[in-house]
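Presented below is the structure to which this report refers.
Throughout, read-outs are computed from the coordinates displayed, never taken from laboratory work. Since this is a predicted model, take the numbers as computed values, not measurements. Don't worry about glycine lacking a Cβ; one is built from the backbone with ideal geometry, like all the others, and counts go over all protein chains shown.
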Amino acid sequence: ATAPAGDTKGKKAIAEATSAFITLMDAIKLNYDSKDTLHPLFSDVLTKSGQVSTDFDGRNKLVSWLIRVNKMGIADTLDENVLKEMLWDVDTAYNGFFNQL
């Protein structure tokens, strides 16, 4: 049986959002610590997850991190402890996103 077009679109949106979360978490684990590397990844997560849901636990933390990264100077970097906190918040948001599906 073929899935309805809307269902396929929904599944694709979920897959794209999941991929964006994983890419962001991997980048943080690889110590991506600057505005030019993190901002596009946070934007991507919020855009793609927003196509599925804008109301999940931890989304507000993602928005806060995007704002914080956006305010950074281009030469600024985040230290290891901040990256650990960021990873925790992104992972928590991913779990909130996943649990709402």
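Under 7 Å between Cβ atoms, at least 6 apart or on separate chains: pull out the pairs that start in segment 68-84 with a residue that is touching a residue at least 24 places away in the same chain (Cβ under 8 Å) and end on any residue that is in a loop (DSSP other than H, G, I, E, B).
Listed by first residue and then by second, the contacts come to 77/33; 78/33; 83/31; 83/33.
Give me the pairs, please: first residue somewhere in segment 13-26 and closer than 15 Å to residue 87 by Cα, second residue anywhere and of a type in the set (Phe, Trp, Tyr) and outside any helix (DSSP H, G or I), beta-carbon distance under 9 Å, and either six or more positions apart or on two chains.
Short answer, once both residue conditions are applied: 24/32; 26/32.
Report, by residue number, each residue of segment 27-57 that is over 10 Å from the mean Cα position of the chain (by Cα) and either on the phi > 0 side of the Ramachandran plot or of a type in the set (D, E, K, R) (or both).
Hits for segment 27-57 are 29, 31, 33, 35, 36, 55, 57.
Identify the residue in segment 51-92 that is hydrophobic (A, V, I, L, M, F, W, C) and touching an Asp or Glu at 6+ places or on another chain (Cβ under 7 Å) and, among all such residues, is farthest from residue 23 (Cα to Cα).
Checking each candidate, the answer is 74.
What are the residues in segment 65-97 that are polar (S, T, N, Q) and surrounded by 12 or more Cβ atoms within 10 Å (Cβ to Cβ), if any?
Matches in segment 65-97: 70, 77, 92, 95.
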